[in-house]
């Protein structure tokens, strides 16, 4: 019995696996740096594309391949920061800021939780063995 396309796809795990399976030529350096971004974008394209459910395996393969090519090419011509696939890049252009005041307050709060200032540890040189 032949496996369905969906069953065969379940065995794939890496971006390289998907690209090879669908016969998409790719640059190893681009994929190495962007593999998770490519797979996430492919997933996004799959979920935005209507009409996939009613297709036979041959047509489904063709459509999946087109979407994977599109996902891959997004990162050939752009960067993860520009594409903003993951939340870290969507929030404040990938940068987060913490004020110095909030850091001081946080440290003071931790000291209070520990019962005041932590005792200072002083390293002592080991004593040489006594001649006996």
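Every condition in (1) modelled with pLDDT under 70; (2) in a helix (DSSP H, G or I) holds for residue 63 except the one numbered (1). Against the definition (over 15 Å from the mean Cα position of the chain (by Cα) and either part of a helix (DSSP H, G or I) or modelled with pLDDT of 85 or more (or both)), how does residue 6 come out, yes or no? So residue 6 passes the test. Exactly one residue out of 26, 21, 42 is under 13 Å from residue 70 (Cα atoms) and over 16 Å from the mean Cα position of the chain (by Cα), and it is 26. Could you list, in sequence order, the residues of the range 14-35 that are at pLDDT 90 or above and assigned to a loop (DSSP other than H, G, I, E, B)? Result: 14, 22, 23, 24, 25, 26.
The values are calculated or read from the model by the stated rules, or taken from the named source; none is laboratory data. No experiment lies behind these values; they were computed from the predicted model shown.
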